[in-house]
1. With the condition kept exactly as written, say whether any residue in the stretch 54-71 is at pLDDT 70 or above, in contact with a helix residue (DSSP H, G or I) (Cβ under 8 Å, 6 or more places away or on another chain) and part of a loop (DSSP other than H, G, I, E, B).
2. Only one of (1) modelled with pLDDT of 90 or more; (2) farther than 29 Å from Lys316 by Cα; (3) of a type in the set (A, V, I, L, M, F, W, C) fails for Ala76. Which number is that?
3. Based on what the data block shows, is Leu309 closer than 20 Å to Glu32 by Cα and surrounded by fewer than 17 Cβ atoms within 10 Å (Cβ to Cβ)?
4. Does any residue of the stretch 344-352 turn out to be over 22 Å from the mean Cα position of the chain (by Cα) and under 25 Å from Glu125 (Cβ atoms)?
5. Kindly provide the set of residues from the stretch 10-19 that are surrounded by fewer than 19 Cβ atoms within 10 Å (Cβ to Cβ) and modelled with pLDDT under 90, ordered by number.
6. Among the residues in the stretch 257-276, are any buried (at least 18 other Cβ atoms within 10 Å of the Cβ), touching a His at 6+ places or on another chain (Cβ under 8 Å), touching a residue at least 12 places away in the same chain (Cβ under 8 Å) and in the same structural domain as Ile344 (by TED's automatic domain parsing)?
7. Any idea which of (1) touching a Gly at 6+ places or on another chain (Cβ under 7 Å); (2) not in a helix (DSSP H, G or I) is the one Val253 doesn't satisfy?
Amino acid sequence: MKIAHSDFKKGEVKLKVENLDDLWHLSQLIEEGDIVQGKTERKIKVGSKDERNQDSVKKTIFLAISVEKVEFSPHANILRVSGTATAGPEDVPLGSYHTFSVEEQSIMTLIKPQWLRYHKEKLDEASKEKNAKILICVHDREEAFFALMKRYGYELLSHIQGEVQKKREETKAFGSFYKEIISQLQNYDKKYELSCIIVASPAFWKEELLKELSDDALRKKIILATSSSVGENAIHEVLKRPETEAALKHERVSREFKLVDDLLIEIAKNGNSAYGLKETKEAAEMGAIKMLLITDLFIQEKRQAKTYLQIDEIMKKVDQSNGDICIISMEHEAGRKLQGLGGIAAMVRYKIK
């Protein structure tokens, strides 16, 4: 995300969306009551006043809306921000409903009544240089899965299967399938300009793969890890392996997994934690929260139910007491675990129960 202009005294930031990750960040940053303004398209009718003979054409206008609803679809690569018009051309009535479709390369201005510390941190995170592009490959002698790391989770790129030979021909089968995996790795490296490739497998399959690898440039990017199985569950497992910590330490997903795991450890030992809306709200009112964890789905549900104000108040109290806030994506297992605890939880400075 590129920040063209910022004036926090006026509460406004002008920015340009550069990729899908930026849309995810904005979906968490834009809140009900914010003002979003920029160029957008609006359908207008032209031709005869007789409605049956009128045609609709799209016209580009400059519009500002007061946000009421935010919807993000990573699969459609689009962020929809809806609300009522607060400024625009004469033919757009104030108070009329409109939706901004924010896509890659969109330019917009976001105005908040108050920029909290976690808002600024999220904006700073999104505007930094692009994080390392990391590919995860989990495989055995029969199949391989390839996934590309994203800030909002990961994208499963492909799944390939090899032909399992008879036992006396295993070595030949391994070599053939390994070469197919290596070819796929080379293709993805060229396409995404990868900085790191994490290759994981049960047993010794990963070491056997390396024996077939003659590409020294590719080999330098590979970090080996261990998984107990092969599949999407193995990708989740690899994210938490110590072997990958160095490569993933700057990646959002790795941090989210660690935070949720730390929370679960505190809950298991009846330690310094609170979970569920009631407990977390009480902890926030006491100024006891040092880290607030909340899923993006929980926020979305509260917005749809028109009860987001109580979540906003919790966040403000955490910010005022110098606590940190992390919004956990539901695109991966850590988010689903947190959602199972009610969608909101916290690690607290002292035991409050």
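1. No: the stretch 54-71 contains no residue that is at pLDDT 70 or above, in contact with a helix residue (DSSP H, G or I) (Cβ under 8 Å, 6 or more places away or on another chain) and part of a loop (DSSP other than H, G, I, E, B).
2. If we test Ala76 against (1) modelled with pLDDT of 90 or more; (2) farther than 29 Å from Lys316 by Cα; (3) of a type in the set (A, V, I, L, M, F, W, C), just (1) comes out false.
3. yes
4. yes
5. Within the stretch 10-19, Glu18, Asn19 meet the criteria.
6. Within the stretch 257-276 (the criterion being buried (at least 18 other Cβ atoms within 10 Å of the Cβ), touching a His at 6+ places or on another chain (Cβ under 8 Å), touching a residue at least 12 places away in the same chain (Cβ under 8 Å) and in the same structural domain as Ile344 (by TED's automatic domain parsing)), the answer is yes, since at least one residue qualifies.
7. For Val253, the failing item is (2).
For every residue, the table says whether it meets (1) in a helix (DSSP H, G or I); (2) more than 19 Å from the chain's Cα centre (by Cα); (3) β-branched (Val, Ile, Thr).
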| position | (1), (2), (3) |
| --- | --- |
| Met291 | no, no, no |
| Lys306 | no, yes, no |
| Asp312 | yes, yes, no |
| Asn322 | no, yes, no |
| Ile325 | no, no, yes |
| Glu331 | no, no, no |
| Gln339 | yes, no, no |
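The values are calculated or read from the model by the stated rules, or taken from the named source; none is laboratory data. The shown structure was predicted, so the numbers you read here are calculated from the model rather than taken from an experiment. Counting neighbours? That spans all protein chains shown, and the Cβs are built from the backbone with ideal geometry, glycine included.
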